[in-house]
Amino acid sequence: MNTETPDLIYLDCNATTPVDPRVVEAMVPVLREVYGNPSSGHRLGRRARELVEAARAQVAACLGAKPEEVLFTSGGSESDNWALRGAVAARGGGHVVVSAVEHPAVLETARAMEREGRIRLTVVGVDRFGQVDPEEVVAALAPDTVLVSVMLANNEVGTLQPVAAIAETCRRRGVLVHTDAAQAVGKLAVDLRELRVDLLTVAGHKLYAPKGVGALFIRDGVALEPLMRGAGHERGLRAGTENVPSIVGLGKACDLVREEVTDDGPRLASLRDHLEALLEAGFPALVRHGHRERRLPNTASVAFPGTDANTLLALLGEEVAASAGAACHTEAVHPSHVLTAMGVDAATAMSTVRFSVGRFTTQRDVEEGARRVLAAAGSPRIS
């Protein structure tokens, strides 16, 4: 071990979370012993089916849903694609409304369907905090609107959206509502009895479960065409043999969220606030993005004016893990579509870094991480 290399401080929990050791512990016996196909009628198959259904009940309990309303997928992107394409196909096309700050799995899917001639698309804007105005969503509705998709919490700046208010209006108009809750589940108490949405996306790797597993909540009575066809898995709606160990991991992770999220929230918010205060004290020109109150407890999106975020993160490469507020496509670097929608100028957007703390982040991580970031931000090489 090279003792001269500092330990990496992980402040990128919105990108992905480490798998909780308790989740690993739940998965290992399944990996070793329960190798049966859940569709098989023999003992090993029946045991695998029991574990899948137990996990389904755990996810449902975490969300305030019925077990039969939870369908397992490969993750958030599949769930988003399925929600949009499945809802539109079940209704024979029509008009779709999404917000300008959605995850690409929603935005790009909607734009692709528009190019394919399947839908008319309206993209509603946000204010300078990244928040959608429910009245703008209402104004965008048309007689043929079939679906509105607005995320519960933004992955870049952490702003929370008024999804319950949007769902209430849409329900009166007979319009389905989907919310991408990938960033919210695990950081907030998410209760579908309050949200009243029709479709909701869950991503396992955002809540200390493995990558490659997720879920889509489909409210009882909502028709959705399959995205993947084949055998009759997941009520005949999602073909493919179930990933039993990862589904068990997702179920355990959701149990932990249900038990601990109320206590985790204030602790995460305290760490985030401490990090922001340290960064601002050491870099007085710091610019904060997102809503000050209505935001995820763990997310700090900040700009270091006069710097380049990607260069800053490259300098920090082995010391601090965080994300830039810019999207890289091949050799081109573009300002974040979220920050652009919020009216942030390109230079500020390109100097933006997202820090996101998590369940295993300590105060020492925050303080040492801030020290390293400020040291790098003062380097003459990053402007």
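The values are calculated or read from the model by the stated rules, or taken from the named source; none is laboratory data. Remember, predicted model here, so these are calculated numbers, not experimental data. Please note: Cβ atoms are built from the backbone with ideal geometry, for glycine as well, and neighbour counts cover all protein chains shown.
Details
- A residue that is of a type outside the set (A, V, I, L, M, F, W, C), under 29 Å from PHE360 (Cβ atoms) and at pLDDT 95 or above occurs nowhere in the range 107-122.
- Between LEU268, LEU237, the distinction of being hydrophobic (A, V, I, L, M, F, W, C), crowded, with 16+ Cβ neighbours inside 10 Å and modelled with pLDDT under 95 belongs to LEU237 only.
- Scanning the range 209-224 for residues that are of a type in the set (Gly, Ala, Ser) and assigned to a loop (DSSP other than H, G, I, E, B) yields ALA209, GLY212, GLY221, ALA223.
- The sole residue among PHE129, PHE217 that is among the aromatic types (Phe, Trp, Tyr) and out of contact with any helix residue (DSSP H, G or I) (no Cβ under 7 Å at 6 or more places or on another chain) is PHE129.
- Any hit, the range 6-15, residues being surrounded by 18 or more Cβ atoms within 10 Å (Cβ to Cβ) and more than 30 Å from GLY317 (Cβ to Cβ): no
- Matching strands (runs of 3 or more DSSP E) fully within the range 73-171 where at least 3 residues are farther than 24 Å from ALA15 by Cα and either free of Cβ contacts under 8 Å to residues at least 40 places away in the same chain or assigned by TED's automatic domain parsing to the domain that holds GLU276 (or both): 119-124
- In the range 225-245, the residues that are among the charged types (D, E, K, R) and either within 25 Å of the chain's Cα centre (by Cα) or in a helix (DSSP H, G or I) (or both): GLU225, GLU234, ARG235, ARG238, GLU242
- Looking at LEU250, LEU227, just one residue is crowded, with 17+ Cβ neighbours inside 10 Å and under 30 Å from GLY92 (Cα atoms), and that residue is LEU227.
- Residue list for the range 319-351, filter: farther than 15 Å from HIS103 by Cα, at pLDDT 90 or above and in a loop (DSSP other than H, G, I, E, B): GLU319, ALA322, GLY343, VAL344, ASP345, SER351
- Condition check for GLY214: surrounded by fewer than 23 Cβ atoms within 10 Å (Cβ to Cβ), within 22 Å of ARG85 (Cβ to Cβ) and in the same structural domain as GLY76 (by TED's automatic domain parsing): no
- Residue ID - surrounded by the fewest Cβ atoms within 10 Å (Cβ to Cβ), chosen from residues in the range 150-203 that are out of contact with any His (no Cβ under 9 Å at 6 or more places or on another chain) and polar (S, T, N, Q): THR169
Residues are listed down the side, and each one gets a yes or a no for (1) in contact with a Lys or Arg (Cβ under 7 Å, 6 or more places away or on another chain); (2) modelled with pLDDT under 95; (3) of a type in the set (A, V, I, L, M); (4) closer than 18 Å to ALA105 by Cβ:
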{"residue": "ARG128", "(1), (2), (3), (4)": "no, no, no, no"}
{"residue": "LEU160", "(1), (2), (3), (4)": "yes, no, yes, no"}
{"residue": "VAL177", "(1), (2), (3), (4)": "no, no, yes, yes"}
{"residue": "ALA203", "(1), (2), (3), (4)": "no, no, yes, yes"}
{"residue": "GLU225", "(1), (2), (3), (4)": "no, no, no, yes"}
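- Of the residues examined, ALA253 is one that is at pLDDT 95 or above, assigned to a helix (DSSP H, G or I), within 29 Å of LEU176 (Cα to Cα) and among the small types (Gly, Ala, Ser).
- Scanning the range 26-52 for residues that are part of a helix (DSSP H, G or I) and either in contact (Cβ under 8 Å) with a residue 40 or more places away in the chain or surrounded by 14 or more Cβ atoms within 10 Å (Cβ to Cβ) (or both) yields ALA26, MET27, VAL30, LEU31, LEU44, GLY45, ARG47, ALA48, ARG49, LEU51, VAL52.
- Scan of the range 293-320 for residues that are touching a residue at least 60 places away in the same chain (Cβ under 8 Å) and charged (D, E, K, R), ordered by number: ARG294, ARG295, ASP308, GLU318, GLU319
- Candidates are the residues of the range 271-296 that are over 20 Å from GLY343 (Cα atoms) and crowded, with 20+ Cβ neighbours inside 10 Å; the one that is nearest to the chain's Cα centre (by Cα) is LEU296.
- Filtering GLU293, GLU276, GLU280 for residues that are of a type in the set (Asp, Glu) and more than 20 Å from GLN183 (Cβ to Cβ) leaves a single hit, GLU280.
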